[in-house]
Amino acid sequence: MPRSNRPRRRSGTGSSKWTRESELDLDRARAGIPERQNAPDGEWNVRRITGSNAAKDYTCPGCHRTIGPGIEHLVAWRADSLFGGETALAERRHWHPRCWQTRSFRYR
């Protein structure tokens, strides 16, 4: 009888190929979708970053304080940039949610 090339199942494991780690994390999926916001200083794409997805240090342009790893924050970039989407995405900034809500709309 020919030998099968299929690996043997270990005893005690279920036949389901889905594990808890591969299930969809809804908070993470929602966090990846930018929301478009209109403001007196233009249109902005704003994306929420959860604490579990925040991995680096950033400086908030509103208060000039550090946003550390594990801190929930927002990422904002212009939706109406004159130089195109790639340039706007490269100039994105990380904000504390309260700093973003209370920012002043100064024209430079």
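Scan the range 83-99 and tell me whether some residue there is more than 16 Å from the chain's Cα centre (by Cα) and aromatic (Phe, Trp, Tyr).
Checked the range 83-99: at least one residue is more than 16 Å from the chain's Cα centre (by Cα) and aromatic (Phe, Trp, Tyr).
With the condition kept exactly as written, say whether any residue in the range 89-100 is over 18 Å from residue 53 (Cα atoms), of a type in the set (D, E, K, R) and surrounded by fewer than 17 Cβ atoms within 10 Å (Cβ to Cβ). Steps first, please.
Initial filter on the range 89-100 (over 18 Å from residue 53 (Cα atoms)): 89-91, 98-100.
Still in the running and of a type in the set (D, E, K, R): 91, 98.
Next, from what is left, pick out any that are surrounded by fewer than 17 Cβ atoms within 10 Å (Cβ to Cβ): 91, 98.
Yes.
I'd like to verify a number: residues in the range 32-58 that are among the β-branched types (Val, Ile, Thr) and without any contact (Cβ under 8 Å) to a residue 24 or more places away in the chain, how many? Give the derivation first.
Here is the first cut: in the range 32-58, the residues among the β-branched types (Val, Ile, Thr) are 33, 46, 49-50.
This time we only want the ones that are without any contact (Cβ under 8 Å) to a residue 24 or more places away in the chain, so: 33, 50.
Looking only at that region, the number is 2.
Computed from the coordinates by the stated procedures, all read-outs in this text should not be read as laboratory data. Remember, it's a predicted structure, so these values are computed and weren't measured experimentally. Glycine gets a Cβ as well: all are built from the backbone with ideal geometry, and neighbour counts include every protein chain shown.
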